[in-house]
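The values are calculated or read from the model by the stated rules, or taken from the named source; none is laboratory data. Owing to the predicted nature of the structure, the values given are computational and were not obtained by experimental measurement. Neighbour counts run over all protein chains shown; Cβ positions are idealised from the backbone, glycine included. With ligands, DNA and RNA removed, areas are computed over all heavy atoms of the protein, side chains included. Shrake-Rupley method; radii C 1.70, N 1.55, O 1.52, S 1.80 Å.
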Amino acid sequence: MDDLVITSARTEELKESIRNAIIELCVEAHQEQDFRNLFTYVSSGGLHFLAVHDESLVSHAMVTTRWLQT
């Protein structure tokens, strides 16, 4: 896969088209429609890692701060 490109971006830097591609990828991978609400749950400052192959998003990972209240 010589044409695999991996990039990273903060949540607030993601264009709408990339956000939509992330959502579609997550829905397909997890067979869970609730991923359509992903960016209502993700706060700004999250760090996203994106793998693109032949101009298609093929992988996504995210690191973000989450708070737990007891």
Compute the distance in nm between two label points, each set 7 Å from the Cα along the Cα-to-Cβ direction, one at Arg36 and one at Leu4.
3.1
For the chain, the accessible surface attributable to carbon and sulfur atoms (probe 1.4 angstrom, ligands and nucleic acids excluded) amounts in percent to 51
Most to least accessible of Asp2, Asp34, Asp54 (protein chains only, probe 1.4 Å):
Asp2, Asp54, Asp34
Tabulate in residue order the Karplus-calculated ³J(HN,Hα) for segment 59-67, using 6.51 cos²θ - 1.76 cosθ + 1.60 with θ = phi - 60°, rounded to whole Hz; enter x for Gly and Pro.
7, 8, 9, 9, 10, 8, 7, 10, 10
Bin all alpha-carbon pair distances of the chain at 5 Å intervals from 0 and give each bin's fraction as a whole percent.
3, 15, 26, 26, 17, 7, 3, 1, 0, 0
Give me a comma-separated list of calculated 3J(HN,Hα) values for segment 44-57, in order, Karplus coefficients 6.51, -1.76, 1.60 applied at θ = phi - 60°, integers in Hz, x for any Gly or Pro.
5, x, x, 10, 10, 10, 10, 10, 10, 10, 6, 6, 10, 5
Val58 long-range amide H proximity, modeled H, under 5 Å
Ala51, Val52, His53
In degrees, nearest ten, helix 16-30 long axis to first principal axis of the chain (Cα):
80
